[in-house]
1. Which of the residues that make up segment 122-158 are within 16 Å of ligand 1 (Cβ to nearest atom) and farther than 17 Å from V187 by Cα?
2. Need the failing condition index for A195 against (1) farther than 20 Å from A74 by Cβ; (2) hydrophobic (A, V, I, L, M, F, W, C); (3) at pLDDT 95 or above, just the number.
3. Regarding segment 77-86, can at least one residue be identified that is surrounded by fewer than 20 Cβ atoms within 10 Å (Cβ to Cβ) and of a type outside the set (D, E)?
4. Looking at segment 47-94, which of the residues that are in a strand (DSSP E or B) and among the aromatic types (F, W, Y) is farthest from A209 (Cα to Cα)?
5. If a residue counts only when it is surrounded by fewer than 16 Cβ atoms within 10 Å (Cβ to Cβ), which helices (runs of 4 or more DSSP H) contained entirely in segment 134-215 have at least 3 such residues?
6. If you check every pair at least six apart or on different chains, which have Cβ atoms under 6 Å apart with a residue in segment 65-77 that is in contact (Cβ under 8 Å) with a residue 40 or more places away in the chain first and a residue that is within 16 Å of ligand 2 (Cβ to nearest atom) and open to solvent by 40 Å² or more (accessible area, probe 1.4 Å) second?
7. Is it true that Q23 is touching a helix residue (DSSP H, G or I) at 6+ places or on another chain (Cβ under 7 Å), among the polar types (S, T, N, Q) and within 11 Å of ligand 1 (Cβ to nearest atom)?
8. Taking segment 18-40 as the region of interest, how many residues are assigned to a loop (DSSP other than H, G, I, E, B), away from ligand 2 (no atom under 13 Å from the Cβ) and open to solvent by less than 40 Å² (accessible area, probe 1.4 Å)?
Amino acid sequence: MNKPPAHGLTPGASPAILRLAIQKSGRLFEATKAMLNECDVEFDTGKSTLRSRASGLPLEVFFLRDDDIPAYIAEGVADAGVVGLNALEESGAQIAIADRLGFGRCRLCLAVPREIAYQGLSFFAGKRITTSHPHILTRYLRDQKIDAHVHAVSGSVEIAPSIGLADAICDLVSTGGTLAGNGLKEVETILASEAVLVVRPDLGSEARAIVDQLL
Ligand code: PRT
Ligand code: ZN
């Protein structure tokens, strides 16, 4: 008897390909690649490679900015992706989490200058808070009934208080070294994050079978 194909899909069925979006470079790239390699999925990477047909499973890998991945999946341009829970929540995209992947762990925190005698969330009333996650922060402040000014930036968040741009920040923290180096201290955790595998809500059965193989 013939051995079934490694990907476990019905032989003879029209060849399905799962379009998987991963971060092109950055903190999630290496661990995502290592995870796929562990599943015997190999693919080319290179500075100018933006898509690559993988071997081992019927996958086409798209290399994207992490922030763009949820929208590409929600729009049906990609079928699945690996992204930080923070980026997924910030995007507001309505896509399902198929698995939590256990790497890329960090937390989205509120932090204030070290010398502040912080006594609770009421500190933030009327304050200016700089963040790269304005949607998550705005929702959190609304839920906590705190009226503050949210100032969105795309990077170097931690500099804001020292240059007089803000009274506090809301940013991702892993070791805490960046906060400490900028005279800040963490006072509230808004979201515990890690990399997640996300999938399109309307994934067809063949593409779903490939996701199941990956899982
Ligand atoms: O180019 P692209 O847009 O794809 O990448 P990016 O620069 O937006 O993101 P990248 O690669 O920095 O992070 C990708 C994902 O990694 C994030 O969305 C998180 O899910 C996750 N992650 C885990 C982190 C961190 N840890 C982290 N420490 N993302 C960012 N940081 C930054 C943080 O913003 C702060 O500036 O690291 C600094 C704090 O680190 P510590 O160790 O000093 O606390
Ligand atoms: Zn990004």
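1. Correct list: S132, P134, H135, H151, A152, V153, S154, G155, S156.
2. (1)
3. Looking through segment 77-86, at least one residue is surrounded by fewer than 20 Cβ atoms within 10 Å (Cβ to Cβ) and of a type outside the set (D, E).
4. Among those that are in a strand (DSSP E or B) and among the aromatic types (F, W, Y), it is F63.
5. In segment 134-215, the matching helices (runs of 4 or more DSSP H) lie at 134-143, 177-181.
6. P70/S91
7. Details: touching a helix residue (DSSP H, G or I) at 6+ places or on another chain (Cβ under 7 Å): yes; among the polar types (S, T, N, Q): yes; within 11 Å of ligand 1 (Cβ to nearest atom): yes.
Answer is yes for this residue.
8. Taking segment 18-40 and keeping what is assigned to a loop (DSSP other than H, G, I, E, B), we get 24-28, 39-40.
Right, trim to away from ligand 2 (no atom under 13 Å from the Cβ) and you get 39-40.
Now restrict to residues that are open to solvent by less than 40 Å² (accessible area, probe 1.4 Å): none.
Here the count works out to 0.
The values are calculated or read from the model by the stated rules, or taken from the named source; none is laboratory data. Computed from a predicted structure; not experimentally measured. Quick reminder, even Gly has a Cβ in these numbers, built from the backbone with ideal geometry, and neighbours come from all protein chains shown. Heavy atoms of the whole protein, side chains included, go into the accessibility calculation; ligands, DNA and RNA do not. Shrake-Rupley method; radii C 1.70, N 1.55, O 1.52, S 1.80 Å.
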